[in-house]
Amino acid sequence: MSASILPRASVIIPAYNASRHIGQTLASVRQTISDDAVTCEVIVVDDGSTDDTADIVRRDFPEVTLIRTLNGGPGAARNTGVRSARCEILVFQDADDLMLPGRLGHQVSYMEAHPEISAAFGSEIPEQDPDFCKVRAFGLADSDDYHIVKNAYARLISEQNIVTNTASAARRSAYLAVGGQPEDVMVAEDYAFYMLLARYYPIAASGKRYIWYRQ
């Protein structure tokens with residue numbers, strides 16, 4: 001990417017011992033950036049991996065910013081990536097999932113057009129149940145169009161994590177305003193974060209599939 005072109009979004013990928021999939025994941029992100037013509041910076045936070053995750057990123061994806069940290073869990077890794085990000089729009093992706101064509105154009109454009117929205121997420125294609133669509137199953141959106149999630153905070157408290165984390169984007173200012181993701185847990189850190197975010201800001205959902213979700 002030319003230094004003169006300011007990226008529209010920062011793609012943040014926490015990775016821990018992800019050598020089996022990180023190459024395919026980053027290749028899918030690279031291809032989507034090209035297909036969607038959305039300039040992005042890509043940040044991989046290697047969360048203390050003991051395999052060759054970092055070597056693969058350095059060797060095969062020189063355009064990616066690699067940050068290596070001691071193992072602190074996915075919340076800490078995402079927070080590290082967010083602090084280093086140059087963009088207001090943050091796109092989150094897990095290290096073993098594949099980004100699908102059209103995600104960046106659809107999601108980033110929506111976030112740019114709706115500055116009041118703190119987070120926007122689509123759905124995924126679970127490899128074990130490709131017909132399932134989480135967003136539609138929860139009644140959050142019945143089409144590819146974005147809809148504001150009504151009573152999002154109450155639903156997150158009373159139901160379960162309705163947000164598809166690996167298909168989500170967030171506004172950096174809102175992310176930092178609520179303190180980021182908790183770093184004292186290794187699971188459900190994204191659930192706690194979106195619960196806090198939804199308490200103060202609107203979030204939106206789309207039924208569009210953004211991710212091939214490995215299980």
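Data for the structure
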{"read-out": "Evaluated at q = 0.12, 0.21, 0.22 Å⁻¹: base-10 log I(q)/I(0), Debye formula over Cα of the stretch 6-75", "value": "-0.29, -0.85, -0.92"}
{"read-out": "Share of carbon and sulfur in the accessible heavy-atom surface of the chain [1.4 Å probe, %]", "value": "52"}
{"read-out": "Förster-model FRET efficiency, 30 Å R0, Ala137 and Leu176, C-beta, rounded to 0.05", "value": "0.45"}
{"read-out": "Projected label distance in nm at Asp60 and Arg86, using a 7 Å step from Cα toward the beta-carbon", "value": "2.5"}
{"read-out": "Nearest 10 degrees, 0 to 90: helix 103-113 Cα axis against the chain principal axis", "value": "60"}
{"read-out": "Extension reserve of the Glu159-Tyr200 stretch, reckoned as 0.36 nm per residue once the Cα distance is removed", "value": "12.9 nm"}
{"read-out": "Whole-Hz ³J(HN,Hα) from phi, Karplus 6.51 cos²θ - 1.76 cosθ + 1.60, for the stretch 195-205, glycine and proline x", "value": "4, 5, 4, 5, 5, 10, 9, x, 10, 9, 9"}
{"read-out": "Rounded if a/c under 1.5, otherwise prolate or oblate - the chain, Cα gyration tensor axes", "value": "rounded"}
{"read-out": "Packing rank of 59-66, 205-212, 95-102, 107-114, where each peptide gets the mean count of other beta carbons within 10 Å, highest leading", "value": "205-212, 95-102, 107-114, 59-66"}
{"read-out": "For the stretch 137-180: rounded, prolate or oblate by the Cα gyration tensor [a/c cutoff 1.5]", "value": "oblate"}
{"read-out": "The stretch 50-149: equivalent-ellipsoid semi-axes (sqrt of 5 x gyration tensor eigenvalues, Cα, Å)", "value": "28, 18, 13"}
{"read-out": "For the chain: accessible area per residue (Å², 1.4 Å)", "value": "44"}
{"read-out": "Part-to-part distance (alpha-carbon centres) for the stretch 37-56 and the stretch 128-154, which is given in Å", "value": "29"}
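The values are calculated or read from the model by the stated rules, or taken from the named source; none is laboratory data. This one's a predicted model, so the numbers in the text were calculated from it and none came from an experiment. With ideal geometry, Cβ positions are generated from the backbone for all residues, glycine too; neighbour counts draw on all protein chains shown. With ligands, DNA and RNA removed, areas are computed over all heavy atoms of the protein, side chains included. Shrake-Rupley method; radii C 1.70, N 1.55, O 1.52, S 1.80 Å.
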